[in-house]
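Engineer: One structure is given below, represented as structure tokens, and several questions about it will come after.
A short reminder: the numbers here are calculations on the coordinates, not readings from a lab. Just so you know, these numbers come straight off a predicted model, no measurement behind them. All Cβ positions, glycine included, derive from the backbone under ideal geometry; neighbour counts span all protein chains shown.
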Amino acid sequence: MNFRLCADRWNSMEFIPPFPPRPKTSLSVFELLRRGTQNFLNIWEEKAFEYQTMSMQVLARQVFICNSPDTVRHAFITRAENFQRKSPQIRNALSPLLGDGLFVSDGETWKQRRQMVSPVLHTSRMDQFAPAMVETVGELADRWAALPDGATFDVLKVMAQLTAEIICRAVFGRTLGAEHAREVAEAFTEYQKYVDQSDLASFGLPSWVPRRNGAKTRRATARIHAVLDGIIADLQRTEDDGSVIRMLMRDGVLDATALRNEAAVIFLAGHETTANCLSWVWYLLSQAPEVEARLHEELDTVLGSRAPTFADVSQLVYTRAIVEETLRLYPPVPLLAREAKEDDTIRSRKVKAGALVMVVPWLLHRHRLYWRKPDHFMPERFLPGSPDAPQKYTYVPFSIGPRICPGLSFGLVEAIICLASLARGTTLRLAPGAVVEPVCRLTLRPGDTLPMTVWKRTAAAGTRPVPAAASAQRCPVHHG
Ligand code: HEM
């Protein structure tokens, strides 16, 4: 698949990072399903970034897309109860891994689990979580500092291992270890690759129709569950060590399976999303020299020669703006899909019970009515007082309403601390020949791997030859 835009208007503030070609007209149902299975981002026609609602019939199901602030508010807030249930595709895709865990459950189970999990991750605990973030990323910063300039690694994998280790230390109160971090990161990549997300059965075929690649996803699931079971067994063996996850173990409300399901949700929802966000940040910085320079300026001013702590987060406004702009352009969860419980009417259109009702951050975050230069990478729009700040309900990387991500503060603080900590001492550049193509199966990633080279930041001052962003590796994919 050729990508239309890669580094448009190179070496200027006007950087447009890659997105898949947008068909001029809407696709047939067959083409929609064919493309959607490979990459959910490939199905959107030009006009989808202007329409405020879209309604279509896909096999046996009505699909309705809320693509304006009022329709997002209607489905996810005003009538949230009616659109609480996740789509059958998401449930089928994730339940082998998460069982009836919070992310995929609804009704009474969701309500009970939400009440238990939200306090575990509450914003008021951030000062408690931050030291584990600072410590873990500090270790990675030291490892990077010891590498020779130009050393290459897969940033996607390294970020996944970093955030897996952080969630384990911060929430589960124990060290995961490099081997287990690698095991979880690799197995979840495998899982995403083989899971049959578009799942034709959900569009009308009977549920006994065999799913594709079941054996491979089962193997990946077993690898992840083995790591989680080891962590839970260790928790059960040891005295109360104050780790917050014990809040879910009190009073025996959750049986062993339910406990593992919630542990799996927190572990997977809590590391994959931030890892993808950070990977995109590194790619974007490598292509946008002015943004990178401004980031370094802020880090030098706020931190000088020391590592960041939680107390610095509120001062790192540009670092935060980079993270927020990255979450706009590449929302780790680019599709929020629900199944309507009862008939409803949205903007005078009838939405039938059983319809798939979607909010698509990938569309909403690049919508031409709500954003100036919607495809440009411009962190400045998220700075306090910016005239380009997002309107309410047009920016939803963490979802909105009762199902809003309970790890929002955790994820933001983590991304800011990790970026500040690593960018202080090092600069990353895209490795020669690397191709970056946004791909979404369960989450939005810059491809299967993201090879980049690491350079000490002192080199940028001229003592050693770090490739300037402008002359570094440009995305070699031809623009159609
Ligand atoms: C940049 C980081 C993150 C992003 C962009 C993100 C995004 C999201 C989104 C969009 C949802 C809702 C999905 C839907 O409605 O279909 C969600 C749910 C969830 N997230 Fe996050 N998340 C992030 C980090 C985290 C972290 C760090 C944790 C835990 C420590 C976490 C835990 C959860 C849980 C438990 C849910 C399920 C909530 C429910 O269904 O009630 N997330 N996340």
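Engineer: Taking neighbour Cβ counts within 10 Å as the exposure measure, how do Ile404, Ile266, Ile416 sort from fewest upward?
Structural biologist: Lowest count first: Ile404, Ile416, Ile266.
Engineer: At a 10 Å Cβ-Cβ cut-off, how would you order Glu135, Glu414, fewest neighbours first?
Structural biologist: By the 10 Å Cβ count, ascending: Glu135, Glu414.
Engineer: Give the lysines whose C-alpha is closer than 29 Å to that of Lys456, dropping any in the same chain fewer than 8 places away, or say none.
Structural biologist: Within the straight-line limit of under 29 Å, Lys456 reaches these lysines: Lys157.
Engineer: Okay, next question. For the chain, give the magnitude of the charge dipole about the Cα centre (Cβ charges: +1 Lys/Arg, -1 Asp/Glu; no others), in debye to the nearest 20. Numbers along the way, then the final one.
Structural biologist: Values: 58 positive and 51 negative charges, 279 e Å.
That gives the chain a dipole magnitude of about 1340 debye.
Engineer: Can you compute 3J(HN,Hα) from phi for each residue in segment 276-293, using the Karplus curve 6.51 cos²θ - 1.76 cosθ + 1.60 with θ = phi - 60°, rounded to whole Hz and x for Gly and Pro?
Structural biologist: 5, 4, 5, 4, 5, 4, 4, 4, 4, 4, 5, 10, 10, x, 5, 5, 4, 5
Engineer: Send over the Kirkwood Rh of segment 64-188, from the inverse of the averaged 1/r over different Cα pairs, rounded to one decimal Å.
Structural biologist: 17.8
Engineer: Taking the Cβ of Lys392 as the centre, find all other residues whose Cβ is under 13 Å away and add up their charges (Lys, Arg: +1; Asp, Glu: -1).
Structural biologist: Value of the local net charge: 0.
Engineer: Something else about it: Rg(Cα) of the chain divided by 2.2 N^0.38 Å?
Structural biologist: Working: Rg = 21.8 Å, N = 480, 2.2 N^0.38 = 23.0 Å.
Here the answer is 0.95, to two decimals.
Engineer: So for Asp154, Asp234, fewest C-beta neighbours within 10 Å to most, what's the order?
Structural biologist: By the 10 Å Cβ count, ascending: Asp234, Asp154.
Engineer: Right, next: If you take the charge dipole of segment 29-471 about its Cα centre, with +1 on Lys and Arg Cβ and -1 on Asp and Glu Cβ, which of Ala420, Pro390, Leu33 is farthest toward its positive end?
Structural biologist: The Cα lying farthest towards the positive end belongs to Leu33.
Engineer: Relative contact order of the chain: what whole-number percent is it, with Cα pairs under 8 angstrom and at least 6 residues apart?
Structural biologist: Answer for the chain is 27 percent.
Engineer: Rounded if a/c is under 1.5, else prolate if a/b beats b/c, else oblate: with a ≥ b ≥ c from the C-alpha gyration tensor eigenvalues square-rooted, which is segment 54-120?
Structural biologist: Taking the square roots of the gyration eigenvalues as a ≥ b ≥ c, segment 54-120 is oblate.
Engineer: At 222 nm, what value in deg cm²/dmol follows for the chain if DSSP H runs of at least 4 each add -39500 (n - 2.57) and the sum is divided by all its residues, to the nearest 500?
Structural biologist: -13500 deg cm²/dmol
Engineer: Go through segment 410-423 residue by residue and turn each phi into a ³J(HN,Hα) via Karplus (6.51, -1.76, 1.60, θ = phi - 60°); whole Hz please, and just put x for glycine and proline.
Structural biologist: 4, x, 5, 4, 4, 5, 5, 5, 5, 4, 4, 5, 7, 6
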